[in-house]
Amino acid sequence: MLFLFKYIDDLIGKGFEWYVILQLLWYASATNVAMALPLAMLLSSIMTFGNLGENYELVAIKSAGISLQRAMMPLFILVSILSVSAFLFSDYMLPVANLKMGSLLWDVRNQKASFLIEEGIFNNSIPGYSIRVQKKDEDGRTLHNVMIYDQTSSGSNTATTLAKEGLMYKTDQDRTLVLVLKDGVRYEESGSEKTYSPRQRFTRFKFKETEQKFDLSGFKMQRTDEGLFKQNSAMLNLRQLSYYHDSTRRTVDSTVKELARYIIPSYKIYNQAYTSTGAKSKRTPSYKKDLTEVMQEEKVMPAISYALGEARSVTESISPKLDEYNDYQKSLRRYMIEFNRKFTLSISCLLLFSIGAPLGAIIRKGGLGLPVVMSIIFFLIYHIISTIGEKSAKEGTVSPVFGMWIAIIVLTPLGIFLTYKAASDSALFDLDYYKQAIVKFFLKVKNLKERKKI
């Protein structure tokens, strides 16, 4: 549904076949596994252990001498297998799905809207022609009062065709539109296009029936070569990401060396003082602020002007290379983000299971009520933190490794804490426990006030 809401404007009115939209939905569902799988892991673990706690099955398990960690072990092994499967999916299948979806979505978004003639509106979809129909019959083929402007020769309306009636149909697998016009006239102007010419001619043709064809091949979706999209970071596996990262790193190093060649000739270091005769002075100059203290006063301003000119010259010369360097840095960050994403997907499944299982054992509620609310809350916390970290990594404010792992780093202590509380039979989410604690607190306060009165 999110995919449809996002790209609905690119899909409507373009005459796609049903299987094209079905392919897009299929590829989009594969790309959404990275969000759906961790949420499913969290929700299923909360519901499972919530049901066990609600039906007092956890109590029976513990009374038999089996700890909560041992009871969780079979499910932990199952989740580990799912995590490994998620890693293999993100490394082998997800890049292919992203490639298929990206190339198909590119063709869909660049596809022209389907050719449609509406009553009383000029249609300019066919290049070089503007067609207007005053009325259409219910069959959608019979036209009345047809007007066609032919702009193919000079870009202006040098030829106009008027007809009282017309019949429209398509041939050659909908690649050619045929208009059979009846009882009409065609006006043409010929001569100089830019200046006035006394030999300019105006011609009028009357016809009982004529046929005009229009090429509609541009309205058929043309598939782009998928190889043009293969270098995108989201469409690469671990081996390809490592290769492109290393090659881009070498390119960055060569770019830095080129920048140094621009800067070094203009960077002068004065570390020795000279006498008026040109000999080196044995005494090191002593100054506290800047170099202008040891220069003659009339040479300060020319030196500053020369330095500013050199700085402007260097800035202008390195500006294109600096933009190129920044683009390479963005590519490096994208490669590192996708490289770490393949590991965070599998680790997030383990993390959210370690949060959901003890949380379900603590709240002791099954079904689709409280477990759904709790799972959505914790998943939103995880998703918001991971989204902020990923965007910060893309902008370069934090390291790509830290940005992709920050949500796992933040929520791991929470998983450990909840596991400890569940193993120790904590009443962390028991409302009666907090009510009793509040009542006990007020009773203690009341007893202290009575003792003071006595």
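Considering the conditions (1) out of contact with any Gly (no Cβ under 6 Å at 6 or more places or on another chain); (2) closer than 26 Å to residue 409 by Cα, residue 360 is excluded by exactly one of them, (1).
Selection of the stretch 128-187 for residues being among the hydroxyl-bearing types (Ser, Thr, Tyr) and part of a strand (DSSP E or B) yields 129, 130, 142, 149, 160, 161, 169, 171, 176, 187.
Residues that are closer than 25 Å to residue 404 by Cβ and either assigned to a helix (DSSP H, G or I) or modelled with pLDDT of 85 or more (or both): does the stretch 4-20 have at least one? Yes, some residue in the stretch 4-20 is closer than 25 Å to residue 404 by Cβ and either assigned to a helix (DSSP H, G or I) or modelled with pLDDT of 85 or more (or both). Can you spot a residue in the stretch 84-107 that is in contact (Cβ under 8 Å) with a residue 40 or more places away in the chain and under 20 Å from residue 378 (Cβ atoms)? Scanning the stretch 84-107, I find at least one residue that is in contact (Cβ under 8 Å) with a residue 40 or more places away in the chain and under 20 Å from residue 378 (Cβ atoms), so the answer is yes.
Against the definition (under 50 Å from the mean Cα position of the chain (by Cα), surrounded by 13 or more Cβ atoms within 10 Å (Cβ to Cβ) and at pLDDT below 80), how does residue 238 come out, yes or no? It is false that residue 238 is under 50 Å from the mean Cα position of the chain (by Cα), surrounded by 13 or more Cβ atoms within 10 Å (Cβ to Cβ) and at pLDDT below 80.
Selection over the stretch 142-161 of residues that are at pLDDT 80 or above, under 12 Å from residue 130 (Cα atoms) and either under 44 Å from the mean Cα position of the chain (by Cα) or not small (Gly, Ala, Ser) (or both) gives a count of 7.
I need every pair where a residue in the stretch 198-223 that is assigned to a strand (DSSP E or B) has its Cβ under 8 Å from the Cβ of a residue that is modelled with pLDDT under 70, sequence separation at least 6 or different chains. Note: pairs meeting the criteria are 201/191.
A quick yes/no check of all residues on (1) modelled with pLDDT under 75; (2) among the hydrophobic types (A, V, I, L, M, F, W, C); (3) touching a helix residue (DSSP H, G or I) at 6+ places or on another chain (Cβ under 9 Å):
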{"position": "389", "(1), (2), (3)": "no, no, yes"}
{"position": "393", "(1), (2), (3)": "no, yes, yes"}
{"position": "402", "(1), (2), (3)": "no, yes, yes"}
{"position": "420", "(1), (2), (3)": "no, no, yes"}
{"position": "431", "(1), (2), (3)": "yes, yes, no"}
{"position": "434", "(1), (2), (3)": "yes, no, no"}
{"position": "439", "(1), (2), (3)": "no, yes, no"}
{"position": "443", "(1), (2), (3)": "no, yes, no"}
{"position": "452", "(1), (2), (3)": "yes, no, no"}
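Selection of the stretch 387-424 for residues being surrounded by fewer than 16 Cβ atoms within 10 Å (Cβ to Cβ), more than 30 Å from residue 65 (Cα to Cα) and not polar (S, T, N, Q) yields 388, 391, 394, 395, 396, 401, 402, 409, 410. In the set (1) under 26 Å from residue 38 (Cα atoms); (2) in a helix (DSSP H, G or I); (3) at pLDDT 80 or above, the condition left unmet by residue 371 is number (3).
Listed here are the residues, each with its yes/no results for (1) in contact with a Leu (Cβ under 6 Å, 6 or more places away or on another chain); (2) hydrophobic (A, V, I, L, M, F, W, C); (3) modelled with pLDDT of 80 or more.
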residue: 181; (1), (2), (3): no, yes, yes
residue: 191; (1), (2), (3): no, no, no
residue: 198; (1), (2), (3): no, no, no
residue: 208; (1), (2), (3): no, no, yes
residue: 234; (1), (2), (3): no, yes, yes
residue: 248; (1), (2), (3): yes, no, yes
residue: 267; (1), (2), (3): no, no, no
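State which residue is surrounded by the most Cβ atoms within 10 Å (Cβ to Cβ) when the search covers only the stretch 36-89 and only residues that are of a type in the set (Ser, Thr, Tyr) and assigned to a helix (DSSP H, G or I). Here the answer is 45.
Being without any contact (Cβ under 8 Å) to a residue 12 or more places away in the chain and acidic (Asp, Glu) is the filter here; which residues of the stretch 121-170 pass it? Within the stretch 121-170, 137, 138, 139 meet the criteria.
Hey, does the stretch 380-396 have a residue that's closer than 25 Å to residue 73 by Cα and assigned to a helix (DSSP H, G or I)? Yes - at least one qualifying residue is present in the stretch 380-396.
The values are calculated or read from the model by the stated rules, or taken from the named source; none is laboratory data. For clarity, every value in this text was computed on a predicted model and none was experimentally measured. Cβ coordinates were reconstructed from backbone atoms using ideal geometry, including for glycine residues, and neighbour counts include every protein chain displayed.
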